[in-house]
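What follows is one structure encoded as structure tokens, with my remarks underneath.
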Amino acid sequence: MWNRKKLYDEIGQLLCNGRLTTYQRKGLEYKLSAFEQHAIGDMRWCAYMLATSYHETGGTLQPIEEWGAGRGKPYGQKRKRNGTAYEMPDRIYYGRGDVQLTWYENYERMGRLLQIPLLEQPELALDPDISARILIEGMTRGRSGRGDFTGLALEDFFNGWRDDAVQARRVVNGMDRARLIAQYHVLFLRALRSATTD
């Protein structure tokens with residue numbers, strides 16, 4: 001689908017001070033392989049997921065733990081979204097992964113959809129393969145038929161009649177840094193299109 005070397009060179013030039021680090025290249029490879037495995041054919045979706053990962057991981061393109069581990073945030077304590085306290089599992093559901101998955105309910109739902117014990121082992125969201133699956137399931141109409149982070153999916157913003165990289169931020173996190181991520185999207189999309197093979 002893509003000439004990997006050309007793609008890495010292009011992304012390095014456009015976004016990474018001239019070239020990708022080995023660490024960035026490996027992170028990118030996991031996501032590209034997941035896109036191919038899940039038959040994500042719309043390059044705008046791929047570009048937006050890469051732009052999201054780039055932003056949410058501080059440019060590393062690798063799944064990371066949230067800086068501060070949720071300190072001072074409502075999800076940084078043993079509470080569900082509705083404010084109800086929980087005792088077990090004895091874990092805190094701060095941001096982890098390419099998309100910074102947060103909240104008890106989101107770990108529970110994503111674990112159920114992907115059939116992995118995310119609620120009991122939230123650190124699984126840091127595994128690059130699992131993180132890429134969470135990225136795709138959460139941002140597209142995957143197994144659940146909806147975007148699992150906010151109810152909206154990339155299909156709502158990139159389709160035959162709409163191409164809106166600014167509003168697409170609503171798939172993950174309201175409009176937080178929407179214009180910046182849209183700029184990343186444009187650059188990733190340019191690189192993906194430039195490196196497309198027949």
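Do the conditions hold for Ile11, that is, is it in a helix (DSSP H, G or I), in contact (Cβ under 8 Å) with a residue 12 or more places away in the chain and of a type in the set (Val, Ile, Thr)? Yes. Being surrounded by 14 or more Cβ atoms within 10 Å (Cβ to Cβ) and touching a strand residue (DSSP E or B) at 6+ places or on another chain (Cβ under 8 Å) is true of Arg44. The set of residues from segment 155-178 being closer than 13 Å to Asp42 by Cβ and surrounded by 15 or more Cβ atoms within 10 Å (Cβ to Cβ) comprises Glu155, Asp156, Phe157, Phe158, Ala165, Ala168. Arg25 passes every criterion in (1) surrounded by 13 or more Cβ atoms within 10 Å (Cβ to Cβ); (2) closer than 29 Å to Arg141 by Cβ apart from (2).
Among the residues of segment 164-198 satisfying the criterion of being assigned to a loop (DSSP other than H, G, I, E, B) and over 24 Å from Thr102 (Cβ atoms), which is modelled with the lowest pLDDT?
Asp198
I'd like to verify a number: residues in segment 145-163 that are within 15 Å of Leu101 (Cβ to Cβ) and either touching a Gly at 6+ places or on another chain (Cβ under 6 Å) or among the hydroxyl-bearing types (Ser, Thr, Tyr) (or both), how many?
Qualifying residue count, segment 145-163: 3.
Filtered by the rule that a residue be modelled with pLDDT of 95 or more, in a helix (DSSP H, G or I) and more than 12 Å from the chain's Cα centre (by Cα), segment 37-74 gives Gln37, Met43, Arg44.
Count of segment 16-36 residues, restricted to those that are among the β-branched types (Val, Ile, Thr) and under 17 Å from the mean Cα position of the chain (by Cα), is 0. Among the residues in segment 136-149, are any closer than 25 Å to Arg19 by Cα, buried (at least 21 other Cβ atoms within 10 Å of the Cβ) and modelled with pLDDT of 95 or more? The answer is no, given that none of the residues of segment 136-149 is closer than 25 Å to Arg19 by Cα, buried (at least 21 other Cβ atoms within 10 Å of the Cβ) and modelled with pLDDT of 95 or more.
The values are calculated or read from the model by the stated rules, or taken from the named source; none is laboratory data. Note that this is a predicted model, so its numbers are computed, not measured. With ideal geometry, Cβ positions are generated from the backbone for all residues, glycine too; neighbour counts draw on all protein chains shown.
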